[in-house]
Amino acid sequence: MTREGLKAMLSDIELEVELTRHWIGKPALNPRVIAAMTRVPRQRFLPPDMAHLAFRNGPVPIGHGQTISQPYIVALMTDLLEPEADDVVLEIGTGSGYQAAVLAELVKQVYTIEIISPLAEEASVRLAEMNYRNVEVRHADGYQGWPEHAPYDGIIVTAAAPHIPQPLIDQLKPGARLVIPVGRAGWTQELQVVEKTAEGALHTRNVLAVAFVPLTGSHADQAD
């Protein structure tokens, strides 16, 4: 990770936070999140021919029609999850493994699901080589979550769903948060934070308009 590239990435995140502060409801992100972003070498999560774009302020293709989200969105979604050191979290949409690595810097355990087999295999190898022992990758339909390890202290979804998957709500611990982009590809998508109360009630807040690749799977395209 080049010093200049890292500095530019952090400056872009800071600028984006300032520009969107009225929507996200805060003037700065949690310093723990920013520190985690500095420790994860983003360029290692991109194809070699795309590594020079690692620090650009935008998504970058990683193959198979998927992308690695722009640094600001990764930082924002991580911040909205409000991760704690003892948390066990679930990620839907492993991709290259970058978001999982950032989370792994902040929580006890990360379980992450990727529906595209080659991406799941590559991310698993990459994360192991980088010594992220608190991340487990599974090739599966993320819409269904990972019930064996539920309930989770937080769930983050890195692909847009037309609605919030009920299995993820069911696997969310009371008092925990789900961060997910909601909307169809090519339409307006909203980054939402869903909080589950101790009684099981849901409080949903729209945070920001976003653009994500669609969540795929056996039930992902069905209406509520």
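The values are calculated or read from the model by the stated rules, or taken from the named source; none is laboratory data. Not measured: the values here are computed from a predicted model. Methodologically, a virtual Cβ is constructed for each residue, glycine included, from the backbone with ideal geometry; neighbour enumeration extends over all protein chains shown.
Data overview
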{"item": "Of residues in the range 1-34 being outside any helix (DSSP H, G or I) and over 21 Å from Glu82 (Cβ atoms), the one modelled with the lowest pLDDT", "result": "Met1"}
{"item": "The lone exception for Thr78 - which of (1) more than 23 Å from Arg205 (Cβ to Cβ); (2) within 15 Å of the chain's Cα centre (by Cα); (3) of a type in the set (S, T, N, Q) it fails", "result": "(1)"}
{"item": "So Gly183, is it touching a Lys or Arg at 6+ places or on another chain (Cβ under 6 Å) and not β-branched (Val, Ile, Thr)", "result": "no"}
{"item": "In the range 154-198, residue surrounded by the most Cβ atoms within 10 Å (Cβ to Cβ) [restricted to those that are aliphatic (A, V, I, L, M) and farther than 21 Å from Asp141 by Cβ]", "result": "Leu191"}
{"item": "Unique residue being under 18 Å from the mean Cα position of the chain (by Cα), among the hydrophobic types (A, V, I, L, M, F, W, C), loosely packed, with under 15 Cβ neighbours inside 10 Å and farther than 20 Å from Leu208 by Cα when the list is Ala85, Ala54, Ala100, Ala36", "result": "Ala85"}
{"item": "Selected residue (criterion: surrounded by the most Cβ atoms within 10 Å (Cβ to Cβ)) from residues of the range 127-153 that are under 17 Å from the mean Cα position of the chain (by Cα) and among the charged types (D, E, K, R)", "result": "Asp153"}
{"item": "Odd one out for Thr204 among (1) under 17 Å from Met77 (Cα atoms); (2) in contact with a Gly (Cβ under 9 Å, 6 or more places away or on another chain)", "result": "(2)"}
{"item": "The range 199-224, residues that are modelled with pLDDT of 85 or more, at negative phi, of a type outside the set (A, V, I, L, M) and surrounded by fewer than 14 Cβ atoms within 10 Å (Cβ to Cβ)", "result": "Glu199, His203, Thr204, Arg205, Asn206"}
{"item": "Residues being in contact with an Asp or Glu (Cβ under 6 Å, 6 or more places away or on another chain), closer than 19 Å to Glu195 by Cβ and part of a loop (DSSP other than H, G, I, E, B) - total across the range 59-112", "result": "2"}
{"item": "Flag for Ile62 being more than 18 Å from Asp12 (Cβ to Cβ), buried (at least 19 other Cβ atoms within 10 Å of the Cβ) and either at pLDDT below 95 or in contact with a helix residue (DSSP H, G or I) (Cβ under 9 Å, 6 or more places away or on another chain) (or both)", "result": "yes"}
{"item": "Residues (among the polar types (S, T, N, Q) and outside any loop (DSSP other than H, G, I, E, B)) located in the range 175-203", "result": "Gln189, Gln192"}
